[in-house]
Structure formats: C-alpha cells, structure tokens
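Before any comments, here is the structure.
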Amino acid sequence: MDILQLKDKNIVVMGVANERSIAWGVAKRLLEVGANVIFTYRKERSKSKIEKVLADYTEYKTAVVECDVNSDESIQQAFSQIGEQFGVIHGIVHSVAFAHAEDLKNRFVETTREGYAFAQDTSAYSLVAVANAARPYMTEGGSIVTMSYLGAERVLEGYNVMGVAKAALEAAMRYLASDLGAENIRVNAISAGAIRTLAAKGVPSFNTILRQIEENSPLKRNTNQEEVADMTIVMLSSLSRGVTGETIYVDCGYNIMG
Ligand code: NAD
C-alpha cells in the first residue's frame, strides 16, 4: 500500500546548497519514494552542486530552476517555469534562510535596520511570496513545509536577528495555513535541532550548542539530516493530511527541557 501517496507527485525543494543541506536530505528521500523533485537554487555554485549529486539519480524526473527569494521577479519566473513544465505543484519544501554574519556576531541590540529587514525578507517573507507564486499551480491541494528553529521562541546565544526572523516565519506559516486551508493547501513548520550545515557555520558557538543538546536533550544526542528529512516527508505526505498550521519539533526532545 502506498501510504505516503507521494509517487509521481511534483515537489519543489528550495535550499540545497550542498549535500549537507537539510533540503538535500529531504530531496533524496523524495526521490526514493518516487516523487518528481524540482530543485531551486540561488547561486550558480549551488546549481553545479545539485547537478553533480543528481548524476547518481538520472532515472528520476527532476529539474533545476533558478530562484532568488529576495526578488519577486525571480520567484515569479521560477514558479511560472515550474508550472509550465510540470503543470501541477503538489508540495514545497522551503528550506531557505540568511542573515548578515555581523548581525549574528554582534550584540542583538546593535542589529541594524538593514540587517533586520534583510533577515526578515530572506528568511520569513520569502515563505509568503513563494506560497503566493505557487498557489495557481497547487490546483489539487498540497503541502508546504518550512524549516524553523527553537531560536524563534527562546533566546539562544548567537541566534539574534535570525531568531526574530524565525518567530515571524512561524507566525506567517500559521496565517498562511489559515488562508490556504480552503484550497486544501496545508502549511507547517519543522523546528529542526542543530545540524552542522553551511548555514549553521554562521552561528557563533555552534559547537557549544551541539554539546548542550547532547547533554540535555531527552534522547541525549543531536538530531541529523535524515531524521528531519523523514518528518518532512510525513508532513508532505497524506499521512499528515489532518495537520496544518503546526510547528513540529525534530530535535531529540530538546525543546521540552527547562
Ligand atoms: P544550508 O546553508 O545548506 O541551506 C540554506 C539555503 O538557503 C542555501 O541553499 C542557500 O542558498 C539558501 N538561500 C539563502 N538565501 C537565499 C536567497 N536569497 N534565495 C534563495 N535561496 C537562498 O543550511 P541548512 O541548515 O540546510 O538550512 C536550511 C533551513 O533549515 C534554513 O531555514 C535554516 O534556518 C533551517 N534550520 C537549520 C538548522 C541547522 O542547525 N542547520 C536548524 C534549524 C533550522
């Protein structure tokens, strides 16, 4: 029995920079369960990396499309191209975030207006813009999943402006869920535990964070790309058809600890 019902579904995966990216973990699983995966990238460097890893997946239906989420024009162009090529979009994985390094390094109180706006634009507003651009092609309903972090609700050292952007992202996710529910489009967030990726390199004291989680989480370890990918697959699949507007934690239980 195909309990996931993702076979031959068209899923857009945004945010693969390299093989360590959370989005790559999700894409790999999607390909394994028979979905068609449309990758979006911002930098040419990421495009080459995606094409390189896809060399092992030539028998699968994939596409690689440019999309800079800081630009409405780029988002529109990307989704028109995807719509034309694939007709229907059944799911989106929004795994994109960025903040200026100095805004993570400096004290939070020193965050500049520009740095604040840029982190919000890239990491939170982009979900709204993407959902709106994809909507005309999500004619059979679908599922949108975004990646968040505990810094959205707790003050975590070195997460600063990104924590505020993640708070906005989770709120935007709920408003989108309410807005798009009538079109049978579900919107959820995964709050992932700390994982060593390119984006994580920008967070000062990342090693301390990993050690704290290992010591204090109920499972006494850190989570990984595969565990986050598996839950994302569940949230994209029909197994989660009754769930929308939720933040699901994949963090070895760390968030429940005092
Ligand atoms: P990553 O660096 O592999 O992925 C981040 C992606 O965002 C990159 O592919 C980058 O190209 C993309 N991006 C940045 N600006 C963009 C723009 N303007 N347009 C299009 N794409 C853009 O790191 P990751 O850890 O896999 O991050 C993926 C998501 O997971 C992010 O939202 C991140 O905040 C979140 N997350 C990460 C962790 C962690 O510890 N790694 C924990 C919780 C949540």
**Request:** Indicate the gyration tensor shape class of region 161-258 (rounded, prolate or oblate), computed on the Cα atoms with a ≥ b ≥ c the square roots of the eigenvalues: a/c under 1.5 is rounded; otherwise a/b larger than b/c is prolate and the rest oblate.
**Result:** prolate
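Please get the size of the charge dipole for region 1-47, origin at its Cα centre, with Cβ charges of +1 on Lys and Arg and -1 on Asp and Glu, quoted in debye to the nearest 20. Please report the intermediate quantities before stating the final value.
Working: 9 positive and 5 negative charges, 56 e Å.
The calculated dipole for region 1-47 is roughly 280 debye.
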**Request:** State the answer as a single residue: which of I233, F86, V187 lies farthest towards the positive end of the charge dipole of the chain, with beta carbon charges of +1 for Lys and Arg and -1 for Asp and Glu, about the Cα centre.
**Result:** I233
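List the DSSP H helices in the chain whose Cα atoms stretch 18 Å or more along the helix axis and whose mean Kyte-Doolittle hydropathy is at least 0.0. Walk me through the intermediate numbers first.
Details: long enough: 72-86 (21 Å, -0.67); 160-180 (30 Å, 0.62).
Membrane-span-like by this rule: 160-180.
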**Item:** Amide hydrogen neighbours beyond the local backbone of Y249, cut-off 5 Å, H modeled
**Value:** S191
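Whole-Å semi-axes of region 83-178's equivalent ellipsoid, largest first, each the root of 5 times a Cα gyration tensor eigenvalue? Walk me through the numbers before you get to the answer.
Numbers: eigenvalues 176, 33, 19 Å².
The equivalent ellipsoid of region 83-178 has semi-axes of 30, 13, 10 Å.
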**Asked** ³J(HN,Hα) across region 95-103 via Karplus (A = 6.51, B = -1.76, C = 1.60, θ = phi - 60°), whole Hz, x for Gly/Pro?
**Response** 10, 10, 7, 6, 9, 5, 4, 5, 6
**Item:** Under-5 Å amide H pairs with S143, H placed in peptide plane, nonlocal only
**Value:** G91, I92, R186
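Given the rule -39500 (n - 2.57) for each run of at least 4 DSSP H residues, summed and divided by the residues of the chain, what is its mean residue ellipticity at 222 nm, to the nearest 500 deg cm²/dmol? Don't jump to the answer; show the numbers that get you there.
On the way: 10 runs with 107 residues, N = 258.
It comes out at -12500 deg cm²/dmol, rounded to the nearest 500.
Using a cut-off of 11 Å between beta-carbons, work out the net charge of the residues near K166 (Lys and Arg +1, Asp and Glu -1, K166 not included).
Working: positive: R154; negative: E153, E170.
Net charge around K166: -1.
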**Fill in**
Rounded to whole angstrom, the alpha-carbon centroid of region 1-76 lies from that of region 134-167 at a distance of 18 Å
**Prompt:** Once amide H atoms are placed 1.01 Å from N in the peptide plane, what residues at a sequence separation of 5 or more from F39, or on another chain, have their amide H within under 5 Å of its amide H?
**Reply:** V13, A63, V64, V65
**Request:** Starting from the coordinates of the alpha-carbon atoms of region 194-239, obtain the Kirkwood hydrodynamic radius over all distinct pairs and give the value in Å to one decimal.
**Result:** 12.0 Å
**Request:** Please turn the phi angles of region 199-204 into ³J(HN,Hα) values with the Karplus equation 6.51 cos²θ - 1.76 cosθ + 1.60 (θ = phi - 60°), one per residue in order, whole Hz, x for glycine and proline.
**Result:** 4, 5, 4, x, 8, x
**Asked** If you add up the charges near L180, with Lys and Arg at +1 and Asp and Glu at -1, over every other residue whose beta carbon is less than 12 angstrom from its beta carbon, what do you get?
**Response** +1
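Using only the alpha carbon atoms of the chain, find the Kirkwood hydrodynamic radius as the inverse mean reciprocal pair distance, in angstroms to one decimal. Present the calculation step by step, with values, prior to reporting the outcome.
Working: mean 1/r = 0.0545 Å⁻¹.
Answer for the chain: a Kirkwood hydrodynamic radius of 18.4 Å.
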**Complete:** Rounded to the nearest Å, the spacing of the alpha-carbon centers of region 195-238 and region 171-191 is 23 Å
**Request:** Sum up the charges of everything whose Cβ sits under 12 Å from the Cβ of C252, counting Lys and Arg as +1 and Asp and Glu as -1, but leave C252 out.
**Result:** -2
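What trypsin sites (Lys or Arg not before Pro) in region 169-258 are in a loop by DSSP, with at most 16 other Cβ atoms within 10 Å of the Cβ?
On the way: sites: R174, R186, R196, K201, R211, K220, R221, R241; in loops: R196, K220, R221, R241.
Answer by residue number: R196, K220, R221, R241.
Coordinate-derived values only; no laboratory data. Worth saying up front: this structure is predicted, and the values here are computed from it rather than measured. With ideal geometry, Cβ positions are generated from the backbone for all residues, glycine too; neighbour counts draw on all protein chains shown.
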